[in-house]
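Derivation of every value follows stated rules applied to the coordinates shown; laboratory data play no part. Predicted model only: the values in this text are computed from it and were never measured. Because the Cβ atoms are built from the backbone with ideal geometry, glycine has one as well, and the counts that use them run over all protein chains shown.
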Amino acid sequence: AQSVTQPDIHITVSEGASLELRCNYSYGATPYLFWYVQSPGQGLQLLLKYFSGDTLVQGIKGFEAEFKRSQSSFNLRKPSVHWSDAAEYFCAVGSGNTPLVFGKGTRLSVIA
Amino acid sequence: EPEVTQTPSHQVTQMGQEVILRCVPISNHLYFYWYRQILGQKVEFLVSFYNNEISEKSEIFDDQFSVERPDGSNFTLKIRSTKLEDSAMYFCASSGGLAGELFFGEGSRLTVL
């Protein structure tokens, strides 16, 4: 069965520092991979997605993620975090005919 | 920009009562979903809907749950007899294609007392 692991429940970074949120997946087929962000009281907004091709994908708000098949990982990165990036981040995996499976999320706090 | 809208944003109900959560998906989308998120936990898949029928459902989606697309725009989730453990945020999502991006609504928070 497919699963997604986000090892970090809560991360705190300083504004302007770099960020990496980890995501590992278990999936029997070639996965489609997604990162969603959820601000307090809001719905889920897609940051970026990987279907195929270039393993480094660019998303909105300056985020990027790299698909590493050998490590079953799809880590999310941002070179310089802004205070407005404080939110909950969810990694998700799916395919062409299965619903998305989400990780438990990583809460990002940004300090001055 | 088109968006998925959900109503109500928050509903408080007594245990055993019926609840209907409503969603208006993006107009040209064909695939519809309900997910839920219990406070502090991950987003869990409930059900997917395509071509006026359920295409897949999870173990959570038992006989107390049902979905309906009563007209060309609304997509509803009904819980027949709510339990305390149904308290959660319920997200509706829609997609233009089977492997496409899911667009989520802002959620309906259900509190069962």
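Separation of the range A:39-107 and the range B:1-31 by C-alpha centroid, Å?
About 25 Å separates the Cα centre of the range A:39-107 from the one of the range B:1-31.
What would the Debye formula give as log10 I(q)/I(0) at q = 0.11, 0.19 Å⁻¹ for the alpha-carbon point model of chain B, no solvent?
Results for chain B at q = 0.11, 0.19 Å⁻¹ read -0.31, -0.94.
When the convex hull of the C-alpha atoms of the protein assembly as shown is computed, what volume per residue in Å³ does it have? Write out the running numbers ahead of the final one.
Values: hull volume 28.0 nm³, N = 225.
Taking only Cα atoms, the protein assembly as shown has a hull volume of 124 Å³ per residue.
For a test of the definition: using alpha carbon positions, the gyration tensor, and the 1.5 limit on a/c, classify chain A as rounded, prolate or oblate. Present the calculation step by step, with values, prior to reporting the outcome.
Working: a/c = 1.89, a/b = 1.62, b/c = 1.16.
Cα axes put chain A in the prolate bin.
Which pairs in the list A:Lys61/B:Lys57; B:Lys57/B:Lys78; A:Lys104/B:Lys57; A:Lys104/B:Lys78 are over 22 Å apart, alpha-carbon to alpha-carbon? Mind showing how you got there, number by number?
Working: A:Lys61/B:Lys57 33 Å; B:Lys57/B:Lys78 14 Å; A:Lys104/B:Lys57 20 Å; A:Lys104/B:Lys78 25 Å.
Violating the 22 Å limit, Cα to Cα: A:Lys61/B:Lys57; A:Lys104/B:Lys78.
How big is the C-alpha Rg of the range B:1-63 next to the rule-of-thumb value 2.2 N^0.38 Å, as a ratio? The partial results should precede the final answer.
Working: Rg = 13.3 Å, N = 63, 2.2 N^0.38 = 10.6 Å.
In units of the 2.2 N^0.38 Å rule of thumb, it is 1.25.
Could the peptides A:29-41, A:9-21 be put in order, highest first, of the mean number of other beta-carbon atoms found within 10 Å of their residues? Could the numbers behind the result be given before it?
Details: A:29-41: 18.1, A:9-21: 13.6.
Packing proxy ranking, top to bottom: A:29-41, A:9-21.
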